[in-house]
Amino acid sequence: MGILAEAASLVEDRLGPAGRGLRVERVVVGLFFTGVKLSDGSGGVCYTPVKEIPQAVCCPTSAGRTFDPVGVRGTGVWEVLEALDSREPIKTAVAVATLNALSASWWARASSLPYTIETGRDAQEVIRMPAGASVALVGAFVPVLRRLKQRGGTWWVVEQDPRTLKPDELPHYVPAADARDVLARADVLVVTGVTLVNHTLEEILAVARPGVEIAVMGPTASMVPDPLFERGVRVVGGVWVRRTDELLDVLAAGGSGYHFFDTLADRIVIQRPA
């Protein structure tokens with residue numbers, strides 16, 4: 001199984017009977033993030049892959065590319081998770097947000113966890129970037145880019161759309177199609193959780209050398225981390241939704257992470273046990 005399928009199976013086993021009757025109560029597909037609320041109040045978010053839907057300019061050709069907006073409310077969570085491997089980006093985003101909500105549901109119920117979840121902390125703070133290490137950043141994370149520019153040294157940013165980069169960042173730009181070489185050379189690998197939605201994360205992790213420092217970051221990565229740890233990831237950074245309805249209202253109004261970080265959702269850091 002792939003990362004998402006493994007995570008779904010794991011959270012289903014861990015929730016047990018408590019998870020069997022859970023349903024989707026609310027879905028919001030926002031400009032920047034997609035959010036889901038479950039029938040037990042748990043919430044999850046995922047990046048909205050707008051750029052991957054060229055047909056979105058036309059209602060008739062886009063109608064079948066999402067869950068039925070009229071009937072999705074009340075759908076069983078495990079039925080929604082069947083779209084984790086979908087090639088329809090919005091369906092995948094809703095499924096990943098649902099998986100993240102289920103992960104939060106289990107975290108809240110569990111008497112103990114096989115790892116420690118730190119809240120109120122940015123994952124960037126725990127990524128090890130020793131002097132002289134080469135760094136490959138997959139996805140234009142603004143805070144990480146800022147750190148890399150201050151740090152200097154050898155670094156690359158792998159990105160599908162170079163328009164997201166500033167002029168002083170472009171010399172470090174590597175097109176996603178040409179990224180394999182720098183991914184294999186990097187001593188540190190920082191990857192956006194968006195790669196879970198476009199189904200590229202497994203290939204990225206497979207290219208990395210053994211022992212490389214790997215972090216997967218962003219609200220999209222807010223799920224049970226075990227499958228990531230098993231593939232060499234040491235740090236997972238995400239969010240734990242605390243005020244679900246308020247957060248979904250923000251997403252429905254076009255809000256981004258800056259509008260819910262540390263208020264409606266806690267930043268979390270999970271590190272692989274030694």
Modelled with pLDDT of 95 or more, polar (S, T, N, Q), more than 23 Å from GLU6 (Cβ to Cβ) and out of contact with any Phe, Trp or Tyr (no Cβ under 9 Å at 6 or more places or on another chain) - does that describe any residue in the range 108-131? no
Here's a check for you: in the range 112-131, which residue that is within 23 Å of LEU205 (Cβ to Cβ) and over 21 Å from the mean Cα position of the chain (by Cα) is surrounded by the most Cβ atoms within 10 Å (Cβ to Cβ)? MET129
Search the range 121-136 for residues that are in contact (Cβ under 8 Å) with a residue 24 or more places away in the chain and pair each with any residue that is open to solvent by 80 Å² or more (accessible area, probe 1.4 Å) and not in a loop (DSSP other than H, G, I, E, B) when their beta-carbon atoms are under 8 Å apart and the residues are at least 6 apart or on different chains. SER134/ARG185; ALA136/ARG185
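Within the group ALA206, ALA215, ALA133, which residue is in a helix (DSSP H, G or I) and under 17 Å from ARG234 (Cα atoms)?
Among ALA206, ALA215, ALA133, only ALA206 is in a helix (DSSP H, G or I) and under 17 Å from ARG234 (Cα atoms).
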If GLU169 satisfies every condition in (1) within 27 Å of TRP106 (Cβ to Cβ); (2) open to solvent by less than 20 Å² (accessible area, probe 1.4 Å); (3) of a type outside the set (A, V, I, L, M) but one, which is the exception? (1)
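The rows are residues; the columns are (1) modelled with pLDDT under 95; (2) over 22 Å from PHE32 (Cβ atoms); (3) not hydroxyl-bearing (Ser, Thr, Tyr).
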| site | (1), (2), (3) |
| --- | --- |
| ALA97 | no, no, yes |
| PHE141 | yes, no, yes |
| GLU159 | yes, no, yes |
| THR164 | yes, no, no |
| ARG185 | no, yes, yes |
Under the condition of being in a loop (DSSP other than H, G, I, E, B) and β-branched (Val, Ile, Thr), which residue from the range 221-243 is farthest from LYS37 (Cα to Cα)? VAL233
The range 244-259: number of residues that are part of a loop (DSSP other than H, G, I, E, B) and either without any contact (Cβ under 8 Å) to a residue 60 or more places away in the chain or exposed (fewer than 14 other Cβ atoms within 10 Å of the Cβ) (or both): 3
Which of (1) touching a Leu at 6+ places or on another chain (Cβ under 9 Å); (2) over 26 Å from LEU31 (Cβ atoms); (3) open to solvent by less than 10 Å² (accessible area, probe 1.4 Å) is the odd one out, the single condition GLY232 does not satisfy? (3)
Just for the range 2-36: of the residues that are of a type in the set (Val, Ile, Thr) and open to solvent by 20 Å² or more (accessible area, probe 1.4 Å), which one is nearest to PRO219 (Cα to Cα)? VAL29
List the number of the failed condition for VAL239; all other conditions in (1) open to solvent by less than 20 Å² (accessible area, probe 1.4 Å); (2) touching an Asp or Glu at 6+ places or on another chain (Cβ under 8 Å); (3) more than 18 Å from VAL28 (Cβ to Cβ) hold. (3)
Checking VAL158 against (1) in contact with a helix residue (DSSP H, G or I) (Cβ under 8 Å, 6 or more places away or on another chain); (2) under 21 Å from PHE229 (Cβ atoms); (3) buried (at least 16 other Cβ atoms within 10 Å of the Cβ); (4) free of Cβ contacts under 8 Å to residues at least 60 places away in the same chain, which test does it fail? (2)
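Restricting the range 137-155 to residues that are without any contact (Cβ under 8 Å) to a residue 12 or more places away in the chain and of a type outside the set (D, E, K, R), which is surrounded by the most Cβ atoms within 10 Å (Cβ to Cβ)?
Among residues in the range 137-155 that are without any contact (Cβ under 8 Å) to a residue 12 or more places away in the chain and of a type outside the set (D, E, K, R), the one surrounded by the most Cβ atoms within 10 Å (Cβ to Cβ) is VAL142.
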Considering every residue within the range 80-92, establish whether at least one is of a type in the set (Ser, Thr, Tyr), within 22 Å of GLU25 (Cβ to Cβ) and without any contact (Cβ under 8 Å) to a residue 12 or more places away in the chain. yes
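The values are calculated or read from the model by the stated rules, or taken from the named source; none is laboratory data. Predicted, not measured: the structure shown is a model, and the values here were computed from it. As a convention, Cβ positions derive from the backbone with ideal geometry for all residues, glycine included, and neighbour counts pool all protein chains shown. The protein model used for the area step is the full one, side chains on, heavy atoms only, and it has no ligands, DNA or RNA in it. Shrake-Rupley method; radii C 1.70, N 1.55, O 1.52, S 1.80 Å.
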